[in-house]
């Protein structure tokens, strides 16, 4: 009697390029919530630090689009470092996947953000906070999906992981210096009240923007 081969398990031998898909999925789900949570916290880090200059490398210094992208980069990187410590034996192409995820997140966020604003502003003259937050969540979700697909795919040459680190390094320099080094470009311009203000980088007066420290 002919017998059918048993299906391959989700957990394969890491030495032969196998992956633990369930474990990777759990970490990616965790990453979604952790990254969004800490991105929200970093939004207020500069104010809560009493505008300490070095905190500007991690927290947003104005309401520009690019300053908000910074908020997602650092939690994603820190979470990836922790995830790598626990899952590197059961995942492939780790830093290639994380590099692309950290790149895809801001790209997807911007697409979602400006798409909804293109509808909301003509209709009601402003954006909606819940949709702002949702744009960030969609960006993180897109990054998580990319990460999961790559971490559970067939092993690639080591050069791919090197490329992932290059992506992370370039983005890290961009976001950590954006408070001081920025082009005259709308993504870097303060977008207060859903209007561009002509301001860039660290502002001269934060009185209109204070949330926790009073006015």
Requested in this report: Working from Cα positions, state the angle (0 to 90°, nearest 10) between the long axis of helix 65-87 and the longest principal axis of the chain.
Outcome: 30
Report summary line: The orientation-averaged projected area of the Cα convex hull of the chain, in nm², is 15.5
Query raised in the report: How much length, in nm to one decimal, is gained on full extension between residue 211 and residue 197, taken as 0.36 nm per residue of separation minus their Cα-Cα distance?
Result: 3.1 nm
Query raised in the report: Expressed as a fraction of 2.2 N^0.38 Å, the rule-of-thumb size for a compact globular protein of N residues, what is the C-alpha radius of gyration of the range 166-215?
Result: 1.37
Requested in this report: May I ask for the angle, rounded to the nearest 10°, between helix 129-151 and the longest principal axis of the chain, with both axes built from Cα atoms and the value confined to 0 to 90°?
Outcome: 30
Report task. Go ahead and estimate [θ] at 222 nm for the chain from helices alone: -39,500 (n - 2.57) per DSSP H run with n ≥ 4, summed, over the residue count, rounded to 500. Result -> -20000 deg cm²/dmol
Query raised in the report: Dividing the Cα convex hull volume of the range 123-215 by residue count, how many Å³ per residue is that?
Result: 169
Query raised in the report: Can you tell which of 93, 62, 50 shows the greatest fluctuation in a Gaussian network model of the chain with Cα springs below 10 Å?
Result: 50
Report task. Please determine, in degrees from 0 to 90 and to the nearest 10, the orientation of helix 94-124 with respect to the longest principal axis defined by the Cα atoms of the chain, where the helix direction is its Cα long axis. Result -> 40
Query raised in the report: Percent relative contact order of the range 19-202, based on C-alpha pairs within less than 8 angstrom and at least six residues apart?
Result: 32
Query raised in the report: Ranking 46, 212 by Cβ neighbours within 10 Å, fewest first, what do you get?
Result: 212, 46
Query raised in the report: If we count other beta carbons within 10 Å of each Cβ, what is the order of 54, 74, fewest first?
Result: 54, 74
Query - Exposure proxy order (Cβ contacts within 10 Å, fewest to most) of 197, 152, 65 - result: 197, 65, 152
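Values quoted throughout were computed directly from the atomic coordinates according to the rules given, and no laboratory measurement underlies them. Everything quoted here is computed from the prediction, not taken from an experiment. Cβ: placed from backbone, ideal geometry, glycine included. Neighbour counts: every protein chain shown.
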